[in-house]
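Visitor: Input: one structure, supplied below.
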Amino acid sequence: MNTKSTRLRVVREFALAAALCVPLLCSTPALAKDDAGKKKAEQACAGCHGPDGNKPVTPETPRLAGQQYGYLVQALNDYRKGARDDPVMSAMAKPLTEKEVGELAEYFSKQPGLTTKP
Amino acid sequence: MYSSPMKRRCALLAASAATAFVLSVPASADGDRTRGKERAQMCEGCHGIADYRTAYPEVYPVPKIGGQQSAYIVKALRDYKKGTRKHATMQGIAATLSDQDMADLASYYAGDARK
């Protein structure tokens, strides 16, 4: 009886521990994806668009922080395909992979910045 | 330096004209926020709705422009008007805008008055 209750307790604790691990496991890939976007953004984009895409270095450079995810993907892909043209951005976007485009768009769209209404 | 008063006057005139021209370029970029707000009614239908995607003439995710840099907004509108940036709806709208309209709209969306 005593052994059985001990075993039950062990099983219950295992189950609890496993349950607690689930959110951790789920959040890890998401974190890794954001990290990849952040890293790439710091290397490739921050020089002109500023840290987090929030402080562009020239007035004609857009803020990216908080921009719609889908718009950022569209803009980068348009530059990659040549549907949109800018001497700097066309050159920056061309070497990006589909995955990197998604990671960058995800990262910038999650930074606080642009709004729908002024 | 100048052989006659006439030549001096001409030089002075040229210099003032050049100064006026130089000064007028940045001045034309000064937007009126209030006028921009009135003009912005035509933008609200798409840009005023969070995460809006146009369905016609193509599926396109509409960018957020609240807080965007005013000079970038003006550049985008000019590029649409010139046709160097392509989007049917935006090209159609930009074609109706004067430089002053663009500056007013940019000033409104950038929130210049609050800075």
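Visitor: I'm trying to understand the selection: among the residues of region B:43-53, which are assigned to a loop (DSSP other than H, G, I, E, B) and more than 26 Å from B:Asp30 (Cα to Cα)? So that I can check it myself, show each step before the final result.
Guide: Keep residues of region B:43-53 that are assigned to a loop (DSSP other than H, G, I, E, B), which gives B:48-52.
Across region B:43-53, the qualifying residues are B:Ile49, B:Ala50, B:Asp51, B:Tyr52.
Visitor: Another question about this same structure. Would you check which residues across region B:40-53 are more than 8 Å from chain A (Cβ to nearest Cβ) and over 22 Å from the mean Cα position of the chain (by Cα) and list them?
Guide: Listed by number, the list holds a single entry, B:Tyr52.
Visitor: Here's something else I'd like to know. In region A:81-109, which residue that is within 13 Å of chain B (Cβ to nearest Cβ) and not in a helix (DSSP H, G or I) is surrounded by the fewest Cβ atoms within 10 Å (Cβ to Cβ)?
Guide: Within region A:81-109, the match that is surrounded by the fewest Cβ atoms within 10 Å (Cβ to Cβ) is A:Gly82.
Visitor: Checking A:Ala65 against (1) within 11 Å of chain B (Cβ to nearest Cβ); (2) part of a helix (DSSP H, G or I); (3) aliphatic (A, V, I, L, M), only one condition comes out false. Which one?
Guide: In the conditions (1) within 11 Å of chain B (Cβ to nearest Cβ); (2) part of a helix (DSSP H, G or I); (3) aliphatic (A, V, I, L, M), A:Ala65 misses (2) alone.
Visitor: Out of all the residues in region A:88-95, is one or more under 21 Å from B:Glu44 (Cα atoms) and modelled with pLDDT of 95 or more? Step through it out loud before you land on a result.
Guide: Residues of region A:88-95 that are under 21 Å from B:Glu44 (Cα atoms), as a first pass: none.
No - not one qualifying residue is present in region A:88-95.
Visitor: Further question on the same structure: Taking only region B:54-106 into account, find how many residues are within 12 Å of chain A (Cβ to nearest Cβ), of a type in the set (Gly, Ala, Ser) and either part of a helix (DSSP H, G or I) or at positive phi (or both).
Guide: Summing the residues that are within 12 Å of chain A (Cβ to nearest Cβ), of a type in the set (Gly, Ala, Ser) and either part of a helix (DSSP H, G or I) or at positive phi (or both) in region B:54-106 gives 6.
The values are calculated or read from the model by the stated rules, or taken from the named source; none is laboratory data. Given the structure is predicted, the values throughout are model-derived calculations rather than measurements. Here the Cβ is made from the backbone with ideal geometry for all residues, glycine too, and neighbour counts use every protein chain on show.
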